[in-house]
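Nothing in this text is a laboratory measurement; each read-out follows from the coordinates by a stated rule. Just so we're clear, the structure is a prediction, and the values are computed from it rather than from any experiment. All Cβ positions, even for glycine, are placed from backbone atoms using ideal geometry, and neighbour counts span all protein chains on display.
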Amino acid sequence: MSKILYLPVVRRKFDADTAEKIMQSTKQQLSEYDLVAPEASLGDPTELSSYLASVRDQHFAGIIFHNTTFTDAEFIKLVHEWYPNTPILLLAPHEPSIHGWLRLNALTGIMSSGNYLASQHHQFDHIYGNPDEPAVHDKINSFVKAAQIKDEVAHLNIGVVGTFPPGFFFSDANAAELQKHFGTHLIHYNIDDCFDQAYALEPAVYKEQLDYAIANFKDLDAKGDETIRFVKFATLMKQYQAQDHLGALASRCWPDFFDKYHSAPGAVWSQLCDQQLPTAMECDIHGALSMYILQQMTSDHAATFLGDFSSMDPSDNTMTTWHDYGAYSLANPKYGVEAAFTQTAKCPLARTWSSSLDK
């Protein structure tokens with residue numbers, strides 16, 4: 001998991017004791033993350049520079065910058081210069097005294113920090129409040145999750161099997177722009193080569209995927225040619241995943257799988273999605289990226305579903321989504337996943353996912 005850098009800053013002419021208590025309480029709250037933090041708040045730009053130099057060899061997905069009191073923009077300017085592309089969450093506590101002596105003036109500090117970051121077009125967010133407030137906890141949690149996933153996406157490889165079908169222009173992506181904006185890299189495979197390589201796999205190699213299919217499909221013909229072909233292709237994709245460190249797949253499916261490989265792509269993608277390798281059909285590269293992000297956003301990396309909208313009913317404000325695949329774990333346990341066959345290719349499919357997903 002990517003690290004988060006916590007930088008509490010203070011001007012000690014304010015109420016430094018209260019500020020330190022707030023900092024320690026916040027750091028305790030942040031201990032659930034992979035956190036790097038100083039022992040005490042940093043009281044001037046020199047202290048901050050020294051600390052930043054001490055952690056320069058570490059990579060951080062995000063930074064939580066805590067104005068425990070007022071601090072001028074010298075502090076945040078240093079952070080921006082050291083980490084110009086790292087997302088920052090600005091944090092400041094409520095003023096503990098309203099009608100008496102000004103003790104922290106932290107709100108002015110967070111405004112000063114935010115003003116500087118905005119002027120530099122640095123990506124940041126902010127929250128004003130104390131560490132024991134649910135809104136603060138939720139904001140920190142969402143920031144950390146988003147920053148870590150953004151960092152993962154910057155190192156993501158998407159495998160692209162074949163090309164998108166004619167007219168499916170939405171499935172395409174500009175590789176240079178994708179890498180520029182997300183850091184994501186595309187690795188291409190020729191689908192005919194994939195078919196040949198899958199055909200050549202021996203039973204001992206694809207046994208694990210066959211066992212997985214048997215454990216999840218009802219009424220599956222485990223010895224059928226179509227079944228063997230689908231688990232062979234799933235095995236090959238898992239090999240590619242390990243070999244090229246793939247986080248997601250975008251693959252051509254129709255009509256090649258039926259016309260050339262004589263198996264159902266939906267069975268393959270259902271199994272891979274269930275095994276946390278999100279796969280988008282029709283070589284939908286942005287779809288694969290979206291599926292990966294959604295999967296990583298869940299605490300247990302739950303499987304995601306990418307479907308077509310097939311119907312809408314304005315009278316009751318509903319839409320129906322469909323596709324011929326979906327991770328096994330998405331099916332209602334009442335129905336499970338049942339093997340069916342297409343009339344054209346006798347291939348194992350997850351039968352009627354719409355009914356399987358009924359509650």
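Which of the following values of Cα extents along the principal axes in Å was calculated from the structure shown: (1) 64, 47, 36; (2) 80, 45, 39; (3) 62, 53, 43? Working out Cα extents along the principal axes in Å from the coordinates points to (2).
Sorting 84-90, 129-135 by average packing, meaning the other beta carbons within 10 Å per residue, from highest down gives 84-90, 129-135.
Secondary structure note: in the chain, about 20% of the DSSP beta bridges are antiparallel. Using C-alpha pairs below 8 Å separated by at least 6 residues, the relative contact order for region 84-201 is 22 percent. Spin-label pair SER299-ASN190: with each label point 7 Å from Cα along the Cα-Cβ axis, the two points sit 4.8 nm from one another. Fully extending the segment from MET111 to TYR335 would add 75.2 nm, taking 0.36 nm per residue of separation and subtracting the current Cα-Cα distance.
Sorting the segments 313-325, 163-175, 11-23 by their residues' average number of neighbouring beta-carbon atoms within 10 angstrom, most packed first, yields 11-23, 163-175, 313-325.
Gain on full extension, evaluated as 0.36 nm per residue between SER311 and SER49 minus their Cα-Cα distance, stands at 88.5 nm. Eigen-decomposition of the gyration tensor built on the alpha-carbon atoms of region 257-307 gives equivalent ellipsoid semi-axes of 23, 12, 6 angstrom, largest listed first. Annotation: peptides 191-197, 176-182, ranked by per-residue average of other Cβ atoms within 10 Å with the highest first, follow the order 191-197, 176-182.
Taking a straight Cα-Cα cut-off under 16 Å and skipping sequence neighbours fewer than 8 places away in the same chain, the lysines within cross-link reach of LYS21 are LYS13.
In plain terms, the chain from VAL36 to ASP138 could stretch by 34.7 nm, reckoned as 0.36 nm per residue minus the Cα-Cα distance.
Across region 1-67, C-alpha contacts under 8 Å between residues 6 or more apart give a mean separation that, scaled by the residue count, equals a relative contact order of 59 percent. Note that region 180-186 has calculated 3J(HN,Hα) couplings of 5, 8, 10, x, 6, 10, 9 Hz, one per residue in order, obtained from phi through the Karplus relation 6.51 cos²θ - 1.76 cosθ + 1.60 (θ = phi - 60°); glycine and proline are x. For the chain, the relative contact order works out to 12 percent when only alpha carbon pairs closer than 8 Å and six or more residues apart are counted. For VAL160, the residues whose amide H sits under 5 Å from its own are ILE187, HIS188, TYR189, ALA250, ignoring neighbours fewer than 5 places away on the same chain, with H placed 1.01 Å from N.
Pairs over the 18 Å Cα-Cα cut-off, from the set LYS3/LYS145; LYS3/LYS238; LYS232/LYS260; LYS150/LYS180; LYS3/LYS77: LYS3/LYS238; LYS3/LYS77. Extending 7 Å from Cα along the Cβ direction at SER25 and again at GLU208 yields two label points whose distance is 4.9 nm.
According to the square roots a ≥ b ≥ c of the eigenvalues of the Cα gyration tensor, what is the shape class of region 217-323, taking rounded for a/c under 1.5, prolate for a/b larger than b/c otherwise, and oblate for the remainder? Kindly include the intermediate steps, with their values, before the conclusion.
Values: a/c = 1.81, a/b = 1.26, b/c = 1.44.
Since a/c reaches 1.5 but b/c is at least a/b, the shape of region 217-323 is classed as oblate.
For region 24-96, the list of GluC sites (Glu not before Pro) that fall in a loop by DSSP and count at most 13 other C-beta atoms within 10 angstrom reads GLU39.
Counting only residues at least eight positions apart within a chain, or on another chain, the aspartates and glutamates with an alpha carbon under 14 Å from that of LYS334 are ASP358. Close amide H pairs (under 5 Å, H built 1.01 Å from N) link ASN130 with HIS94, residues at least 5 positions away or on another chain. Could you tell me the distance between the Cα centroids of region 91-119 and region 193-216, to the nearest Å? Between the Cα centres of region 91-119 and region 193-216 lies a distance of 61 Å.
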